[in-house]
1. Would you pick out the residues in the stretch 221-233 that are assigned to a loop (DSSP other than H, G, I, E, B) and open to solvent by less than 40 Å² (accessible area, probe 1.4 Å)?
2. Counting just the residues of the stretch 98-148 that are β-branched (Val, Ile, Thr) and assigned to a loop (DSSP other than H, G, I, E, B), which one comes out farthest from ligand 2 (Cβ to nearest atom)?
3. Please go through the stretch 253-293 and give me each residue that is more than 26 Å from THR368 (Cα to Cα), more than 16 Å from ligand 2 (Cβ to nearest atom) and not aliphatic (A, V, I, L, M), ordered by number.
4. With respect to HIS117, determine if the residue is touching a helix residue (DSSP H, G or I) at 6+ places or on another chain (Cβ under 6 Å) and within 15 Å of ligand 1 (Cβ to nearest atom).
5. So in the stretch 6-17, with the set limited to residues that are assigned to a loop (DSSP other than H, G, I, E, B) and β-branched (Val, Ile, Thr), which one is surrounded by the most Cβ atoms within 10 Å (Cβ to Cβ)?
6. Mind checking which pairs have a first residue in the stretch 149-161 that is more than 17 Å from THR113 (Cβ to Cβ) and near ligand 1 (Cβ under 6 Å from one of its atoms) and a second that is of a type in the set (Asp, Glu) and open to solvent by 40 Å² or more (accessible area, probe 1.4 Å), Cβ under 7 Å, 6 or more apart or different chains?
7. Looking at ALA271, ALA275, which is the one that is under 16 Å from the mean Cα position of the chain (by Cα), farther than 21 Å from GLU80 by Cα and within 16 Å of ligand 1 (Cβ to nearest atom)?
8. Just give me the residues in the stretch 163-191 being within 14 Å of ligand 1 (Cβ to nearest atom), open to solvent by 60 Å² or more (accessible area, probe 1.4 Å) and either assigned to a strand (DSSP E or B) or over 20 Å from ASP219 (Cα atoms) (or both), in sequence order.
Amino acid sequence: MAAHPVILPDGQATLGVMGGGQLGRMFVQAAQQMGYRTAVLEPDAASPAGWVAHEHVRTGYEDVIGLTALANVSAAITTEFENVPAASLRQLATHRPVAPAGDAVAVCQDRATEKAHFVASGVPCAPHARIGSEADLAGVDTALLLPGILKTSRMGYDGKGQRRVRDAAELAQAWSALGRVPCLLEKMLPLAAELSVVVARGADGQCVHLPVQRNLHRDGILAVTTVPAEGIPAATQAAAIDSAGRIAAELAYVGVLCIEFFVLADGSLVANEMAPRPHNSGHHSIDSCDVSQFDLQVRTLAGLPLVAPRLHSATVMLNLLGDLWFDAAGRERAPDWSGVLALPGTHLHLYGKTEVRRARKMGHLTITAPTPEAARTVALQAAAVLG
Ligand code: ADP
Ligand code: MG
């Protein structure tokens, strides 16, 4: 693997990214602000990152010619989605520094290896079992694991590929409904709150983190992130940060990594899943912190110094899903951006997606304010304006 040099923004140096979604777009924007050229590999002609990058290599993620083209123009390469083929990252790494590494991304791509990694890092997670055969189904410890959630081991996101199951019969039905692919059955836990921690780890092992984020999901999709994480004891927040750092170190991780945690009804903390990239719950950092998660991604990729981000404003982030583009009667409409932007401390981020679909992440709105109460008040006003 190519060693990890320092890549200075000299007007020529290009940072490459696998994937053309909104995370790639915000990475590209952060890199450009710092003076890098940018290149995106993405098959879709109309992609949020492809629109804004200097170069758009338009091939599939496993296309040898495309990967070679990306490696040729890029001084170093990162990824914006966890389902990037790990083999493609490994192949790129024979030519250029790649962060995160294909091996680390591969661990995050499978819920079973992900959970095993949490255990190896000494971080508690939900009781679980692999379901890949009739024998696995028959062998489930129903007293321990039911009621539970059956999740496809691979490719699940935004609550997709999941079924809640109460008993053995429902479990068998759910596994069939999910196509009898390899799955992980997790015990249903009594959640008091959901948190996430974004860490950035350099090639030298230095690790910094964003403040702990408190997340609210609706229908399995992140809806609201609040920072500071009000109502979460300082000891719990410190434990989450410590666990995230250990998970990253145990992976010998280089880049930005986000760990999702559950706080249970008894106050205990368990890791849920991790993403080998910036995370939706860290988007607030662009506007609320002096160093954002995308700045950190650029710094780790370019071998630049890491500094601990400082939260300078209380913040609430609201995801803007495609549903907002439809009125109660189901007719398409434009959301009232003027009404939202008339409120103090609102930062509108739209991803440039041309096709509106319900439950599709079209953008997000960050509200910054001097106090958590003020941020919450404006967030409620913004939600009312958006209807
Ligand atoms: P995704 O990859 O879709 O984000 P997650 O594993 O994070 O999948 O699950 C989505 C949401 O479902 C979580 O944020 C949480 O609200 C809920 N959830 C997932 N696993 C459990 C569990 N074991 N117990 C209770 N709720 C859960
Ligand atoms: Mg999740």
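1. Residues of the stretch 221-233 assigned to a loop (DSSP other than H, G, I, E, B): 228-233.
Across the stretch 221-233, the qualifying residues are ALA229, ILE232.
2. We begin by selecting, within the stretch 98-148, every residue β-branched (Val, Ile, Thr); these are 98, 105, 107, 113, 119, 123, 131, 140, 142.
Among the residues that remain, those that are also assigned to a loop (DSSP other than H, G, I, E, B) are: 123, 140.
Values: VAL123: 16, VAL140: 23 Å.
The extreme case among them is VAL140.
3. If the condition is that a residue be more than 26 Å from THR368 (Cα to Cα), more than 16 Å from ligand 2 (Cβ to nearest atom) and not aliphatic (A, V, I, L, M), then TYR253, GLY255, ASP266, GLY267, SER268 are the ones that fit.
4. Values: touching a helix residue (DSSP H, G or I) at 6+ places or on another chain (Cβ under 6 Å): yes; within 15 Å of ligand 1 (Cβ to nearest atom): yes.
Yes, satisfied.
5. Of all residues in the stretch 6-17, those assigned to a loop (DSSP other than H, G, I, E, B) come to 6-13.
Restricting the remaining residues to those that are β-branched (Val, Ile, Thr) gives 6-7.
Values: VAL6: 9, ILE7: 20.
Here the residue is ILE7.
6. Note: pairs meeting the criteria are GLY159/ASP219.
7. Details: ALA275 fails: farther than 21 Å from GLU80 by Cα.
When all the criteria are applied, what remains is ALA271.
8. ARG163, ARG164, LYS187, LEU191
The values are calculated or read from the model by the stated rules, or taken from the named source; none is laboratory data. All of these numbers come straight from a predicted model, not from anything done at the bench. Because the Cβ atoms are built from the backbone with ideal geometry, glycine has one as well, and the counts that use them run over all protein chains shown. The area values use the complete protein model at the heavy-atom level, side chains included, leaving out ligands, DNA and RNA. Shrake-Rupley method; radii C 1.70, N 1.55, O 1.52, S 1.80 Å.
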